[in-house]
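The values are calculated or read from the model by the stated rules, or taken from the named source; none is laboratory data. Predicted model, so just to flag it, every value in this text is computed and none were measured. Note that we place each Cβ from the backbone using ideal geometry, even for glycine, and neighbour counts take in every protein chain shown. Just so you know, the surface numbers come from the protein's heavy atoms only, side chains and all, with ligands and any DNA or RNA stripped out. Shrake-Rupley method; radii C 1.70, N 1.55, O 1.52, S 1.80 Å.
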Amino acid sequence: PDPGRVPSPSPSRPAFQPVTIRTARDAVTAAALYLRWLGYRDVRRADQRPPSGIGLAARGVLAQVDPTVRPASLRDVECLWLTAMTESAVCLYFSLAGFAPEARGRADSLGVPLFVLDLTGTPRPVNGPARELIATGA
């Protein structure tokens, strides 16, 4: 499969309706809407604040949204994964600036779905776990 191709969503799921990103708050809103689109309900701010970015949570999932212009680091991905493990949740990472190569490698080995938010507000899958999540949903 083409690693850059966005897989088709589940036939029972309508197309995602993005929100244009102009501010950090817009990035968080886009990620929250995407989590709902994937099938997670009652998305809210996470109780624990991540080392960078903004945390979102819903039943069984923890997501980190990094609205900065710095690519997410290996440490960022590992901290998210460890926090999710302590809460017995799966995790996802949304970044405006992408991911450092080491972060992508670690996310692949840990099974963490990575998404880059483009300015239209559409999350683009960066790795296999992200493409698989799109295809199956929550």
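Is it the case that some residue within region 41-50 is hydrophobic (A, V, I, L, M, F, W, C), in a helix (DSSP H, G or I), surrounded by 11 or more Cβ atoms within 10 Å (Cβ to Cβ) and at pLDDT 90 or above?
No, region 41-50 has no match at all.
Please specify each residue of region 75-100 satisfying the condition of being touching a Pro at 6+ places or on another chain (Cβ under 9 Å) and not in a loop (DSSP other than H, G, I, E, B).
Listed by number, the residues that qualify are 75, 76, 79, 80, 83, 90, 91, 92, 93, 94, 95, 99.
Would you check which residues across region 50-98 are under 16 Å from residue 30 (Cα atoms) and of a type in the set (Phe, Trp, Tyr) and list them?
The answer is 93, 94.
Name the one entry in 90, 43, 65 that is of a type in the set (A, V, I, L, M, F, W, C) and either closer than 13 Å to residue 121 by Cα or in contact (Cβ under 8 Å) with a residue 40 or more places away in the chain (or both).
65
Go through the residues of region 69-77 one by one and say whether even a single one is among the polar types (S, T, N, Q) and free of Cβ contacts under 8 Å to residues at least 24 places away in the same chain.
no
Give the residues of region 105-138 that are open to solvent by 10 Å² or more (accessible area, probe 1.4 Å), part of a helix (DSSP H, G or I) and more than 21 Å from residue 33 (Cβ to Cβ), sorted by residue number.
105, 106, 108, 109, 110, 128
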